[in-house]
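Asker: What follows is a single structure, and I will ask about it in a moment.
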Amino acid sequence: MLRAILLVVCILLEVQAKEGTQDFIDKYNKYNTVCKGMGYQNRNCSGKDKESIAFHALLSKTQENLRANTVVVYGKVTQNSGNSYNANTGKFTAPKDGLYSFMWTNVTKGGKHFHTQIVLNGNVMGYNHVNGISGSSHWASGSSSAVIKMKKKDEVWIRTVGTDGEYAYAHWSSFTGFKL
């Protein structure tokens, strides 16, 4: 930040010396080259920040006895910057190419289990195993994450594994993702 301020001050001092436009452009380009060499990147001067792509959704109702390969629809959306998560289908559609990070947590009750997988266009990318059957009468939770390279219009969703979608507790189970 201090380097950027010093750069602006230097440019302003040199402009005040009543240099011509071409002199200013030449010096700007020279300073820009130095800044790039120091690791700084060009920024958009439009005054608008790039819109972030991020979502967070919760189960809006408890899920019980889901069939094999059922999409788990996290229907209560608390954040959907970029409008890429569909709360009706439970699917995230990439608005642009890039690396995306996803996390999902499921909570089940004692005596039940809820096993899921994250899927990219039909291909399994990771698993989440929540086991409340281990003899405890308390709630059990499991969280998983995946970093996935996506192309524009690729889809990611969470689905059950086999017939292991016995019970997922509403409001405590969530699905989150964002572009890196």
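Computed from the coordinates by the stated procedures, all read-outs in this text should not be read as laboratory data. Everything quoted here is computed from the prediction, not taken from an experiment. As a convention, Cβ positions derive from the backbone with ideal geometry for all residues, glycine included, and neighbour counts pool all protein chains shown.
Asker: What list of ³J(HN,Hα) values in whole Hz, one per residue of the range 51-61 in order, does the Karplus curve 6.51 cos²θ - 1.76 cosθ + 1.60 (θ = phi - 60°) give from phi, with Gly and Pro shown as x?
Answerer: Whole-Hz 3J(HN,Hα) from phi for the range 51-61: 6, 6, 10, 7, 9, 8, 9, 10, 5, 7, 8.
Asker: What does the charge count near N80 come to, summing +1 for each Lys or Arg and -1 for each Asp or Glu among other residues with Cβ under 14 Å from its Cβ?
Answerer: Local net charge: +2.
Asker: In whole Hz, with x marking every Gly and Pro, tabulate ³J(HN,Hα) for the range 107-112 from phi via Karplus 6.51 cos²θ - 1.76 cosθ + 1.60, θ = phi - 60°.
Answerer: My calculation for the range 107-112 gives 10, 10, 9, x, x, 10 Hz in order.
Asker: Name the residue from S144, T176, G165 whose Cα lies farthest towards the positive end of the charge dipole of the range 105-180, charges +1 on Cβ of Lys and Arg and -1 on Cβ of Asp and Glu.
Answerer: It is T176, whose Cα lies furthest towards the positive end.
Asker: A follow-up question, please. Give me the Å³ per residue figure for the convex hull around the C-alpha atoms of the range 119-180.
Answerer: 110
Asker: Collect residues whose amide H, placed 1.01 Å from N in the peptide plane, falls under 5 Å from the amide H of G126; neighbours closer than 5 in sequence don't count.
Answerer: Under 5 Å from the amide H of G126: I118.
Asker: Using only the Cα atoms of the range 70-162, build the gyration tensor, take square roots of its eigenvalues as a ≥ b ≥ c, and label the shape rounded, prolate or oblate: rounded if a/c is under 1.5, else prolate if a/b is larger than b/c, else oblate.
Answerer: In terms of gyration-tensor shape, prolate.
Asker: Next up: Using modelled backbone amide H atoms (1.01 Å from N, in-plane), which distant-in-sequence or interchain residues come within less than 5 Å of H113's amide H?
Answerer: G132, E166, Y167
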